[in-house]
Amino acid sequence: MPNYEQIFSDFKKGEISSFYEKMYPELLIYTFRLLGEEFSFLSEDCVQDAIFQAYNRHHSFSSTIQWKVFLYSCVRNSAISILRKGQAKNNYLTTQEQSIDEDFSLYLIEQETLTLLYEAIDALPEKYKRIFELSFEKGLKNTEVAKQLCIAESTLKKQKARFIELLRANLKDKIDENNLFLLMLVLTEGNLHIHLHT
């Protein structure tokens, strides 16, 4: 398994040879799966664009997880953009986007991780449980959540960031680095509600 901490450390210094050796193939495989056979020839473009965006802000990443979340999110967004531009029929795009979201979610989180997640949430103060319910389970927008909680949207954003920080601290010794990254990615994307009850 690649040593992501070392690769991240090199990347932050502007050294990307270890990234291309170990992580580039992983991102490429992920992109192939998202784009499907018809658009797979654009996979390298998606990955290169994600690397370019990440490299341009490599000093701003504070953790390996944040960095990986950014890279995978860029790839996912590029793949959806390509499918939109290349669509022949609306129903094809809808099917592909739904497939990407389902694949993305199912790939990222397994039932065992969800169980650990709920245990960690149970240990948090009530306000964070409420944020989880409204933002992630119900999928409400920040403005809607802030209104229901009678707080400013800026306050909500800070509390959501703190919520994820507390979860990460609680779970870091219970699940491995990869699963922790995947969980944080889904929470950061804010789409956990897609598959919680499947």
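The values are calculated or read from the model by the stated rules, or taken from the named source; none is laboratory data. Worth saying up front: this structure is predicted, and the values here are computed from it rather than measured. When we count neighbours, we look across all protein chains shown, and the Cβ atoms used for this are built from the backbone with ideal geometry, even at glycine.
What to note about this one:
- Screening the candidates Ile109, Ile82, Ile100, Ile194 for the property of being touching an Asp or Glu at 6+ places or on another chain (Cβ under 9 Å), modelled with pLDDT under 75 and not basic (Lys, Arg) yields one hit, Ile194.
A quick yes/no check of all residues on (1) in the same structural domain as Glu165 (by TED's automatic domain parsing); (2) in contact with a Leu (Cβ under 7 Å, 6 or more places away or on another chain); (3) not hydroxyl-bearing (Ser, Thr, Tyr):
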residue: Asp10; (1), (2), (3): no, no, yes
residue: Pro25; (1), (2), (3): no, no, yes
residue: Ser40; (1), (2), (3): no, no, no
residue: Val47; (1), (2), (3): no, yes, yes
residue: Arg57; (1), (2), (3): no, no, yes
residue: Trp67; (1), (2), (3): no, no, yes
residue: Cys74; (1), (2), (3): no, no, yes
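- Qualifying position, being in contact with a helix residue (DSSP H, G or I) (Cβ under 9 Å, 6 or more places away or on another chain), surrounded by fewer than 15 Cβ atoms within 10 Å (Cβ to Cβ) and of a type in the set (Ser, Thr, Tyr), among Tyr55, Tyr72, Tyr30: Tyr55
- Selected residue (only one of Thr188, Thr143 is hydroxyl-bearing (Ser, Thr, Tyr) and modelled with pLDDT of 70 or more): Thr143
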